[in-house]
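Written below as structure tokens is the structure these notes are about.
Since every read-out is calculated from the coordinates, none of them should be taken as a lab result. Quick caveat: nothing in here was measured; it's all calculated off a predicted structure. In this analysis, Cβ positions are derived from the backbone assuming ideal geometry, glycine residues included, and neighbour counts consider all displayed protein chains.
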Amino acid sequence: MIAATPAQDPAQARPRLRLATVWLAGCSGCHMSFLDLDEFLFELAAAVDIVYSPVASDTKIYPEQVDVCLVEGAVANVDNLQLALTLRQRTALVISFGDCAISANVPGLRNLCSAPGRDSARTVLERGYLELADASGQLPFAPGIVPELLPKVLPLHEVIPVDLYLPGCPPSAERIRAAIAPLLVGQRPRIEGSSMLRFG
Amino acid sequence: MSVITLQVDGRDVAVPAGSTLLQAIRAAGLSVPTLCDLEGLEPVGACRLCLVELEGSQRLLPACASEASEGQVIRTDTAQLQGYRRMAVELFFAEGNHVCAFCVANGTCELQDVAVAVGMDHSRFPYQYPQRAVDASHPRFSLDHNRCILCTRCVRVCDQIEGAHVWDVAERGSDCRIVAGLDQHWGEVDACTSCGKCVDVCPTGALYAKEDTTAEKHPHPERAGQLRRAREQRQWTP
Amino acid sequence: MVALPPCERPRLRCCAASGCRSAGAGPLLAALRAAAAAGDISAGASAAPEPLEVRSVGCLRLCGEGPLLAWDGPEGTRLFGGLTPAAAAALVAQVRGVAPIPLAADPALAGHQLDLEQPFFRLQRPLVLEGCGIVDPECIEDALAHGSYAQLRRVLHELSPEQVREQVRRSGLRGRGGGGYPTGLKWDTVALQPPGRRYVVCNADEGDPGAFMDRSVLEGDPHRLLEGMAIAAYAVGADHGYLYVRAEYPLAIERLRLALQQARQQGLLGSSIAGTAFALELEVRVGAGAYVCGEETALLHSIQGQRGIPRTRPPYPAQAGLWGAPTLINNVETLAAVPVILRQGGDWYAAIGSEGSRGTKVFSLSGAIRHTGLVEVPMGTSLRTVVETMGGGDPDGGAVKAVQTGGPSGGCIPAALFDTPVDFESLLALGSMMGSGGMVVMGQGTAMPEVARHFMAFSVNESCGKCVPCRAGTVQLLALLDRFVAQRATAADLEALEALCTMVKATSLCGLGQAAPNPVLSTLRHFRQEYIAALGPGS
């Protein structure tokens with residue numbers, strides 16, 4: 001259940017929902033689809049405060065007391081991991097938003113590149129920066145600037161507890177709207193049937 | 001022809017003797033998810049999605065491979081069965097490399113369909129990322145083992161309908177894989193008639209025509225049943 | 001049994017089955033024969049002794065002390081364990097009574113004599129193993145002299161197939177391969193199928209880790225098995241049969257093939273057996289290393305030359321087995337019990353054992369136990385009697401923690417429940433199973449999540465891959481168990497472990513998959529605190 005509990009009287013003004021969207025290891029397609037909400041974006045803007053989002057907020061630090069967070073992308077590097085842990089602590093309802101968050105999807109394909117004794121991070125870096133480079137090739141190393149890759153790309157729910165899953169690559173704008181609209185009135189959306197649930 | 005009657009989810013249904021439970025379920029206007037079963041092919045009962053409960057029995061029965069009998073009381077959609085089916089579908093997704101986003105069968109995939117049917121919004125089991133190959137040695141078709149769920153429809157259609165027995169299963173357990181000929185490249189197997197029936201019946205994007213790219217596969221699983229019926233009923237004999 | 005009544009002419013029996021062979025029975029046997037022959041010559045004309053018979057026999061039971069040697073003489077039987085070829089001359093001298101010092105003072109032998117009055121031997125009730133350790137398994141004349149094939153001859157001349165089945169029904173014999181299906185009922189089902197060809201199959205694909213009962217019968221008394229199988233074939237109307245033996249049993253295969261050849265030469269197999277119209281051809285089929293081929297439908301596929309994978313039942317093999325014909329499949333121990341049932345009568349057999357589980361059962365004891373080896377006891381004997389009284393408990397004097405029965409399909413029973421009688425129903429009620437008879441005893445140092453993981457790894461390797469719960473479910477179960485062994489599991493992992501075990505058990509196609517979660521479920525049931533203790537910090 002989300003933190004903003006529905007008021008007893010539907011007519012009574014409820015506090016504005018504090019909504020965040022997060023972009024981890026993904027192509028941003030889910031966010032593009034979010035922007036495809038078109039005119040519903042106006043309704044949304046009227047009903048919620050977007051407190052953190054790569055497409056609708058300039059805030060750089062994930063805020064406290066977030067009601068709902070849509071998380072796009074898999075967990076592939078230490079920054080992704082840190083942000084996931086932070087947002088879980090500060091958010092009432094976490095939604096895995098799209099196939100990458102749910103299954104690691106395309107970013108997770110690097111997990112296929114592991115070999116005995118060498119995790120996939122090492123394998124893909126060596127492939128990309130040494131084997132395919134000219135003589136000046138070197139592994140990227142910039143502590144604090146370039147986040148280190150995790151040994152394995154993970155779906156969000158293998159890192160933090162997730163409350164709701166919204167599949168799709170990307171989820172269509174209709175599907176996103178059908179998921180968000182009930183939240184605005186304090187209800188949990190039903191993610192079932194082909195229109196809401198299909199992967200891909 | 002003798003007829004037997006049984007009850008499926010509270011509905012009385014009459015079917016010809018010798019019918020399977022799956023046929024009885026469908027005759028009652030109901031459905032259970034299936035993957036390995038296909039009309040026209042001998043059932044193998046491997047995917048376990050069509051398991052149903054039989055009143056008075058502890059054991060679950062694969063509807064596709066169990067003969068219906070008089071007076072049975074069958075339940076197809078209990079909470080227990082729903083739970084098992086969802087786990088089975090999660091196991092399918094986690095054991096292979098299924099990435100719907102760029103799959104040739106995206107939109108027409110039966111695995112994708114059953115995931116919707118069982119309400120699978122994510123897999124609770126970690127993906128295994130097995131190392132699997134793609135065999136593109138055939139001039140017209142490809143086999144992507146990453147998407148194979150080992151339903152053996154291709155094995156059966158080639159053996160039972162086409163009569164070529166190009167396909168079989170090698171190895172065991174999680175190492176199982178479909179092999180062509182004597183574990184050869186598909187394109188080198190002389191027995192293959194390039195009829196394409198295996199591609200028609202493949203429930204996922206494992207077998208596909210080379211000209212098809214993402215979401216362009218047009219499977220024809222109905223053809224196995226059509227061919228078998230035509231032969232058995234001699235529909236094309238003047 | 002191992003101890004025989006006193007006999008005038010001394011004789012040596014040396015176990016030459018796999019266990020004792022690996023402990024050096026081959027060189028010992030050669031040294032004994034050489035010493036016996038040398039003794040014959042050196043004694044010269046002055047006191048020409050009778051030739052000393054050195055017989056190679058099957059299992060003498062106390063495998064952990066091998067190589068085992070029995071010396072039969074006027075004072076009864078003495079048993080020695082762990083003798084080396086160097087001691088052969090001293091022993092032969094003792095047997096011939098020409099040793100310079102008494103047996104008890106002989107440094108080469110003194111520490112090697114084993115007590116035949118100890119419970120391990122005294123409490124055994126050999127029926128299936130009646131001839132094992134006594135007859136020479138490579139000599140049909142010896143087997144015939146000990147009564148082999150007598151019941152086959154009698155049955156063929158005196159009893160109808162229905163009368164044979166009647167005795168088996170009355171005996172209450174149940175399948176010894178693990179399932180415990182009533183043997184008489186199975187025979188009836190095959191016999192009463194519509195007229196046509198029938199097959200009889202002996203399942204000798206003994207694959208449970210820690211199980212070597214069937215191997216001992218195959219290596220120690222193969223003619224008893226062939227006789228039981230021929231009687232079974234007569235009773236169900238089969239004229240063709242197969243012995244499906246795992247490739248890992250080369251000695252058993254060799255002896256079985258020799259026994260078949262000898263039986264044919266004696267007119268006990270082939271056409272017009274024992275001068276009657278009954279004909280039977282038996283063939284050995286060697287497995288290719290798949291545990292699942294012990295499952296009857298997979299075994300049938302393998303005999304037919306197909307991939308060894310199970311299929312949905314019904315139809316049961318008794319209705320449609322090999323090449324679609326009604327097929328009787330019984331385990332080695334089941335068939336080897338048949339001659340004694342016919343000899344003594346079904347009622348006599350049924351008087352042994354307990355209600356619902358009649359007769360005797362052979363168990364192989366191994367693991368953290370003082371006396372490792374083979375025991376045959378009446379059904380219903382308590383686990384405590386088998387493990388502690390007969391097996392002698394923990395070799396280091398500590399307390400036994402648990403016993404694993406039924407292999408990867410069975411479960412662990414804690415020492416607190418050792419008063420449970422060993423029968424089909426009691427073991428099932430504890431979340432384990434009789435299985436084929438392997439008992440692996442575990443000491444206090446054994447961690448149960450590791451035991452469960454060990455067996456799950458076995459099931460992962462041996463899954464045929466046909467159905468998804470077994471093929472992929474066992475892989476996920478193994479990964480979950482890894483987390484418990486590494487002490488970094490969560491409460492959610494425990495929940496997932498139990499849910500997946502339940503699913504794999506309920507939905508797998510064959511017995512292998514259905515039973516694969518048993519080692520987890522039984523250890524969760526009896527040793528749950530060890531799983532709780534393995535939860536990582538913060539859970």
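Quick notes
- Gyration tensor (alpha-carbon) shape descriptor, chain C, a/c threshold 1.5: oblate
- For segment C:233-293: rounded, prolate or oblate by the Cα gyration tensor [a/c cutoff 1.5]: oblate
- Contact order normalised by residue count of segment B:103-233, Cα under 8 Å, 6+ apart, percent: 34
- Listed residues B:Leu22, B:Leu143, B:Leu91, most fluctuating in chain B (Gaussian network, C-alpha, under 10 Å): B:Leu91
- Residue by residue, segment B:172-185 carries 3J(HN,Hα) couplings of 8, x, 6, 8, 4, 8, 6, 10, 9, x, 9, 6, 10, 5 Hz when phi is fed to the Karplus relation 6.51 cos²θ - 1.76 cosθ + 1.60 (θ = phi - 60°); x denotes Gly or Pro.
- Relative contact order (%) - segment C:307-456, alpha-carbon pairs under 8 angstrom, separation at least six: 19
- In this Cβ point-charge picture (+1 for Lys and Arg, -1 for Asp and Glu), segment B:103-233 has a dipole of about 260 debye about its Cα centre.
- Fully extended contour minus Cα-Cα distance, from A:Gln187 to A:Ala45, at 0.36 nm per residue: 49.3 nm
- Percent of beta bridges antiparallel (DSSP, the protein assembly as shown, rounded to nearest 5): 55
- Antiparallel content of DSSP bridges confined to segment C:140-350, in %, to 5: 10
- Extension gain, C:Leu417 back to C:Leu144 (0.36 nm per residue minus Cα-Cα distance, nm): 93.9 nm
- Helical runs assigned H by DSSP (4 residues or longer) give the protein assembly as shown a calculated mean residue ellipticity at 222 nm of -9000 deg cm²/dmol, each run adding -39500 (n - 2.57) before division by the residue total.
- Residues whose amide H comes within less than 5 Å of that of A:Asp49, counting only those at least five positions distant or on another chain, are A:Leu17, A:Arg18, A:Leu19 (H built at 1.01 Å from N in the peptide plane).
- Annotation: amide H-H contacts under 5 Å for B:Arg11 (H modelled 1.01 Å from N, sequence separation of 5 or more, or interchain): none.
- Springs between Cα atoms under 10 Å define the GNM used for chain B, and in it the highest mean-square fluctuation of B:Ser19, B:Ser66, B:Ser57 occurs at B:Ser57.
- Whole-angstrom gap from segment C:409-481 to segment C:109-184, using each part's C-alpha centre: 29
- In sequence order, calculated HN-Hα J values of segment B:206-212 (Karplus, 6.51, -1.76, 1.60; Hz; x Gly/Pro): 5, 10, 7, 7, 5, 6, 8
- Backbone HN-Hα couplings from phi across segment C:222-232 [Karplus 6.51/-1.76/1.60, Hz, Gly and Pro as x]: x, 5, 5, 5, 4, 5, x, 5, 5, 5, 4
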